[in-house]
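Below is one structure, written out as structure tokens; comments come after it.
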Amino acid sequence: MLRRSPYLLLILATCIWGGNFVAGKALVLHIPPITLATLRWSLAFLCLLPFFGKQVWQLRAEFLRNWPMILFLSATGVAGFNTLTYEAVQFTGSINASLMNSATPIIVVVLTWLVMRERFAWAALPGILISMAGVSWIISRGSLSALLHLSFNKGDLLMIGAVICWALYSVGMKKMAGRFPSSPFLLIQVAAALVLLIPLSMVEWGIKSPQIEWNLSLTVGLIYIGLFASIVSFLSWNRAIELVGPQRCAGFLNLIPLFSAIFATFFTGESLQVYHLLGAVWIVVGVYLTNLAMKKRLVAGLK
């Protein structure tokens, strides 16, 4: 049932990524960002390889024919987005980073219109804006002045790059939907991403020479982002894109800050406030309206 329900898949993916935001923010304090991304995807690769390596080998001719698109997906969604996010949170505050990330649905809608020549989903815009308002309310802690006094720095520019990477990845996955089985396709993307990340992490290691003190918390955090945030969430997200397309999926990204707030409440001792609840209502309403508008447009197009 889960594989056939895009909405359950999207909720599962965003829930895990919400936890990834909390775990990643803690891990990057101890592990340099590019190294963290490399360790994350190396763990995912080692877990996927025994199960789907044979299928990748059998499909090698098809993968080679599509290598430009595979490299594009690996560079944007697998390597690019997470590495840039880990880099960004070192220089910018959570308000700035989360606000920029909440703009992803609009960028996906615009890119789908430009790249795939799909009719612009004007009907979905109110729902997207309502959902973004909910995100803004949560991350600003219900303070209008916090939103009005934003400043931009190096981290903000990196976060803009991360958001664009994820939007490009979502649109690219739609173009590739149905061509390959999900799991071996993810494995080949991860492999290509590691070809990009490993040399960069070696340069980072040479420059920073970090002293990582491994303990149970770091190990558990790495396992979480390497298995759940890298495999379960990506497979769920990619399958949902195959089922309903990137525009309808994009609105669910605004659930990530909601889940992040919930995880932070339980695991970092932050208390749940009224502004969290109000923002959550806006987010859920916005996501519902966005998908309702997209569904109506799809039905109208079939008539």
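The values are calculated or read from the model by the stated rules, or taken from the named source; none is laboratory data. Here the structure is a predicted model, which is why all the values come from computation and not from measurement. Ideal geometry is used to build each Cβ from the backbone, glycine not excepted, and the neighbour counts take in all protein chains shown. Quick note on the areas: whole protein, heavy atoms, side chains included, nothing else; ligands and nucleic acids left out. Shrake-Rupley method; radii C 1.70, N 1.55, O 1.52, S 1.80 Å.
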- May I ask for the net charge around Trp166, where only other residues with Cβ less than 15 Å from the Cβ of Trp166 are counted and Lys, Arg are +1 while Asp, Glu are -1? 0
- Task: Compare the peptides 277-287, 48-58, 187-197, 209-219 by average per-residue count of other Cβ atoms within 10 angstrom and give them in order, highest first.
- Result: 187-197, 277-287, 48-58, 209-219
- Note on the structure: Note to self, the chain gives a 222 nm [θ] from helices alone (DSSP H runs n ≥ 4, -39500 (n - 2.57) apiece, / all residues, nearest 500) of -24000 deg cm²/dmol
- Task: Among Ala193, Leu158, Pro181, flag the residue with its Cα farthest along the positive direction of the charge dipole of the stretch 145-216, charges on Cβ as +1 for Lys/Arg and -1 for Asp/Glu.
- Result: Pro181
- Given [x] 26, 21, 20; [y] 33, 21, 20; [z] 28, 27, 17, which label gives semi-axes √(5λ) of the Cα gyration tensor in Å as computed from the coordinates? [z]
- Note on the structure: Sorting Val287, Ile223, Leu114 by the position of each Cα along the dipole of the chain (Lys, Arg +1; Asp, Glu -1; all at Cβ), the one nearest the positive end of that ordering is Leu114
- Total charge dipole magnitude, the chain, about the Cα centre, Cβ charges on Lys, Arg, Asp, Glu only, Debye to nearest 20: 1120 debye
- Query: Hey, can you list the DSSP H helices of the chain whose Cα span along the axis is 20 Å or longer and whose average Kyte-Doolittle score is at least -1.0?
  - Reply: 6-27, 33-58, 125-139, 154-176, 182-208, 274-302
- Item | Spin-label pair Leu29/Val203, simplified geometry with 7 Å Cα→Cβ offset, distance in nm | 2.9 nm
- Would you work out which of Ala88, Asn101, Ser209 lies farthest towards the positive end of the dipole of the chain? Charges go on Cβ: Lys and Arg +1, Asp and Glu -1. Asn101
- Item | Backbone N under 19 Å from the Leu277 label point (7 Å along Cα→Cβ), restricted to the stretch 124-138 | 134-138
- For the chain, with every protein chain kept in place, what is the accessible area per residue (1.4 Å probe, Å²)? 48 Å²
